[in-house]
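Only one structure is covered here, and it is reproduced in the block below.
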Amino acid sequence: MTGLKKGSIAAEHLKELLLGNEAIARGAIEAGVSLASGYPGTPSTDIIEYLSKHLPSGHVEWAVNEKIALETAIGASYAGARAICTMKHVGLNVASDALMTIAYLGVRGGLVIAVADDPGAHSSQNEQDSRFYSRFAKIPCLEPSDAQEAKDLTILAFELSEMFQLPVMLRSVTRLSHSLSPVEYGDVRPSNSISIYKDPSTMIAVPSNVIRCHRNLNQKYERLKDWISENGLNKVYKNGQKKGIITCGITYNYALEYGNEFAILKITAYPFHEEIIKNFVSGLDEVWVLEEGDTIVEEIVRKYSTKVKGKITGELSSEGELGPDAMGKCIWGNPPIEPVRGLPGRPPAMCQGCPHRELYYALKKAGPSFVAGDIGCYTLGAASPLSAIDTCLCMGASISKAAGMSQMGIERAVAVIGDSTFLHAGIPALISAVYNKANILVIIMDNSVIAMTGHQPTPAIGITATGQKGGKVMIEEICKACGVESVTVVRPYDVENSAEVIKNKLNSKGVHVIISRSPCVLAAKKYN
């Protein structure tokens, strides 16, 4: 389904099957968004992809990292525009510096932060729950249960943002982001007018303003609870049942699998007055709490009932994704329907002909003492038979970790990092390694795209999110500007030459960079 053609304004109330991510993007369009900025990260990537093709007017971009994406969106908001910033859950860690302070300062045009969590770690290095950040920052969080709600709540998020002058988090999860359900289109709201606005007392985070801004934020937070309650965003479905389920976002669909035996409290919006929990559990002999992620709601529920079943007492797993059959084993002993047997599991692997495979062959021939990997498809080099990297932590950490090992006297340490990851978070680490005189080899795997998340462009090829020609940066020149004296480009398919170059650099003092350059075999023609 392609939705509206670019430039179309009236939706004519069409109905289409959309992914949850596409529905979020459609909601942003209907809300009159003027700027969309994000960094590719499964399961959030499709939001920007959809907007890049369907936003009638406005600006859509891939930022170099999530912090910059959020700061760019804040700038648009300061100009009065509505802006959306997208990322996956771990990307919110990168953006959190800006998030925590913009909550104090407030926004002007509506600002929505669409964050896609990944329960089950289908394509992530952890399972963190972004709702903690909304509570930490004291901003609203809306959590849809299907694609229609994803669209509708995105529109509401912009309105709520402007009403309270706060950024609003829209939390999705993988199963929602990547599943299809029907969505009815609405009309597209006109974009906000753009103007310059200055108010140093609320826009500059200096000590003389901070306490007052924090007090205002606390007051807004309490008013938010009232507004959410008055507008019935969290709904109770109770008709004399003696058992109940409290659901959060997508888990509402799971609760419906268990029939009318259970009363349901559907949590869609945070923060909320705890009275709704207290009233719901009153008179119930059994209360289940279903939430993908951590026990944010369950901990509140246990203040008002001793009859709670969930993750804290072990009825539900605290690790992995709950999924639709989360309660089945506890209720029925065995699922009522024999589960469909799927195909044998197939772990991800590097594509046939991938240039990274050849570089890893060369790297192993050179015999490094330790290889610090990074986030990207080249992380798959950790698997057998390559077994080429020894650690992977987070974006940009390969260089820092290798430098730390070097400072402890470990020789022949290597950092392996992708081109986009280097631009995202590797540059400061490289500067630090040069400044502190580490003895490491940094290998930048340049395959011309962000391959793991769907072949998005990077600044190194100079193509924007909308496919237009943009500015282009040279990774070699960046490395030299960071103070690296030795920067060498190799062609990974020439394994013998690559191995020889790597071996020579491993035996040299200082920080050396090798750029392994060859386009991803699946995207070689995409941007040519």
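For segment 146-254, how big is the tail of P(r) above 25 Å, as a whole percent of Cα pairs? Please list the in-between numbers first.
Working: 2622 of 5886 pairs.
Counting pairs separated by more than 25 Å, the tail of P(r) holds 45 percent.
Whole Å is fine, so just give me how far the alpha carbon centre of segment 186-216 lies from that of segment 68-89.
First find each Cα centre; the distance between them is then 13 Å.
Above 27 Å lies some portion of the pair distances; for segment 71-220, what is it as a whole percent of all C-alpha pairs?
Numbers: 2674 of 11175 pairs.
When every Cα pair of segment 71-220 is considered, 24 percent fall beyond 27 Å.
Just need log10 I(q)/I(0) for segment 1-158 at q = 0.09, 0.18, 0.19 Å⁻¹, Debye formula, equal scatterers on the alpha-carbon atoms, no solvent, rounded to two decimals.
Listed by q, the Debye log ratios stand at -0.25, -1.08, -1.21.
Quick one: how many Å² of Asp146 are accessible to a 1.4 Å probe, rounded to 10?
Roll a 1.4 Å probe over it and Asp146 shows about 50 Å².
Can you pull the accessible area of His59 for me, 1.4 Å probe, Å² to the nearest 10?
90
Please work out the average accessible area per residue across the chain, using the 1.4 Å probe convention, and give it in Å². Working shown, then result.
Working: 22740 Å² over 528 residues.
I get 43 Å² per residue for the chain.
Taking the alpha-carbon centroid of each part, what is the distance from segment 384-417 to segment 427-504 in angstrom?
Distance between centres, Cα-based: 16 Å.
Kirkwood hydrodynamic radius for segment 211-269: how many Å is it when counted over pairs of different Cα atoms?
Details: mean 1/r = 0.0756 Å⁻¹.
Roughly 13.2 Å, rounded to one decimal.
Write out the trypsin sites (Lys or Arg not before Pro) in segment 468-528 meeting two conditions: DSSP loop, and at most 11 other Cβ atoms within 10 Å of their Cβ.
On the way: sites: Lys469, Lys472, Lys480, Lys503, Lys505, Lys509, Arg517, Lys525, Lys526; in loops: Lys472, Lys509, Lys525, Lys526.
Taking segment 468-528 and a limit of 11 other Cβ atoms within 10 Å, the loop trypsin sites (Lys or Arg not before Pro) found are Lys472, Lys509, Lys525.
How high is the relative contact order of segment 88-233? Use alpha-carbon pairs under 8 Å, at least six apart in sequence, and give a whole percent. If you can, show how the numbers build up before the last one.
Numbers: 182 pairs, mean separation 43.3, N = 146.
Value for segment 88-233: 30 percent.
Write down, largest first, the equivalent ellipsoid semi-axes of segment 371-502 in whole Å, where each equals the square root of 5 times an eigenvalue of the alpha-carbon gyration tensor.
Details: eigenvalues 110, 65, 43 Å².
Output for segment 371-502: semi-axes of 23, 18, 15 Å.
Could you rank Asp419, Asp390 by how accessible they are, 1.4 Å probe, largest area first? Provide the component values of the computation, followed by the final result.
Working: Asp419 5, Asp390 90 Å².
Per-residue accessible area, sorted high to low, gives Asp390, Asp419.
For the chain, which whole percent of the accessible surface, found with a 1.4 angstrom probe, sits on carbon and sulfur atoms? Walk me through the numbers on the way to the answer.
Details: 12240 of 22740 Å².
Carbon-and-sulfur percentage of accessible area, whole number: 54.
For the chain, what is the calculated [θ] at 222 nm in deg cm²/dmol (nearest 500), taking -39500 (n - 2.57) for each run of four or more DSSP H residues and dividing by its residue count? Can you show the working numbers first?
Working: 18 runs with 182 residues, N = 528.
So the helix-based figure for the chain works out to -10000 deg cm²/dmol.
Explain nothing, just compute: Karplus ³J(HN,Hα) = 6.51 cos²θ - 1.76 cosθ + 1.60, θ = phi - 60°, for every residue of segment 410-416 in order, whole Hz, x for Gly and Pro.
3J(HN,Hα) across segment 410-416, in whole Hz: 6, 9, 6, 8, 10, 10, 10.
Got the relative contact order for segment 403-476 handy, in percent, Cα pairs under 8 Å and 6 or more residues apart? Show your work: numbers first, answer last.
Working: 90 pairs, mean separation 20.6, N = 74.
Reported as a whole number, the value is 28 percent.
Just to make sure I understand: if all protein chains stay in place, what is the order of Phe272, Phe132, Phe422 by accessible area at 1.4 Å, largest first?
On the way: Phe272 20, Phe132 80, Phe422 0 Å².
Largest accessible area first, the residues go Phe132, Phe272, Phe422.
Checking a compactness column here: for the chain, what do you get for Rg(Cα) / (2.2 N^0.38 Å), N being the number of residues?
Working: Rg = 24.8 Å, N = 528, 2.2 N^0.38 = 23.8 Å.
Dividing the Cα Rg of the chain by 2.2 N^0.38 Å gives 1.04.
If one puts a single equal scatterer on every Cα of segment 142-195 and applies the Debye formula without solvent, what log₁₀ I(q)/I(0) results at q = 0.21, 0.22, 0.24, 0.32 Å⁻¹?
-0.86, -0.91, -1.00, -1.26
Once you sort the root eigenvalues of the Cα gyration tensor of segment 263-322 as a ≥ b ≥ c, which label holds: rounded (a/c under 1.5), prolate (a/b larger than b/c) or oblate (the other case)?
Values: a/c = 1.91, a/b = 1.28, b/c = 1.49.
Oblate, because a/c is 1.5 or more while a/b does not exceed b/c.
Roughly how far apart, in whole Å, are the Cα centres of segment 252-323 and segment 94-160?
21
Quick one: longest stretch of the chain between exposed loop GluC sites (Glu not before Pro), exposed meaning at most 16 other C-beta atoms within 10 Å and loop per DSSP? Please list the in-between numbers first.
Values: sites that count: Glu12, Glu257, Glu274, Glu315, Glu319, Glu411, Glu485.
That would be 13-256.
I'd like the accessible area for Lys151: 1.4 Å probe, protein heavy atoms, all chains in place, Å² to the nearest 10.
Number for this one is 10 Å².
Ranked from the most accessible area to the least, with a 1.4 Å probe and all protein chains present, what is the order of Arg82, Arg215? Each step should come with its number before you reach the end.
Details: Arg82 10, Arg215 125 Å².
Order by accessible area, largest first: Arg215, Arg82.
Note down the relative contact order for segment 389-528 as a percent, whole number, built from C-alpha pairs under 8 angstrom at least six residues apart. Numbers along the way, then the final one.
Values: 235 pairs, mean separation 36.0, N = 140.
It rounds to 26 percent for segment 389-528.
The values are calculated or read from the model by the stated rules, or taken from the named source; none is laboratory data. Remember, it's a predicted structure, so these values are computed and weren't measured experimentally. Reconstructed Cβ throughout: ideal geometry from the backbone, glycine too, with neighbour counts over all protein chains shown. Each accessible area value is taken on the protein alone, full model and side chains, heavy atoms only, with ligands, DNA and RNA left out. Shrake-Rupley method; radii C 1.70, N 1.55, O 1.52, S 1.80 Å.
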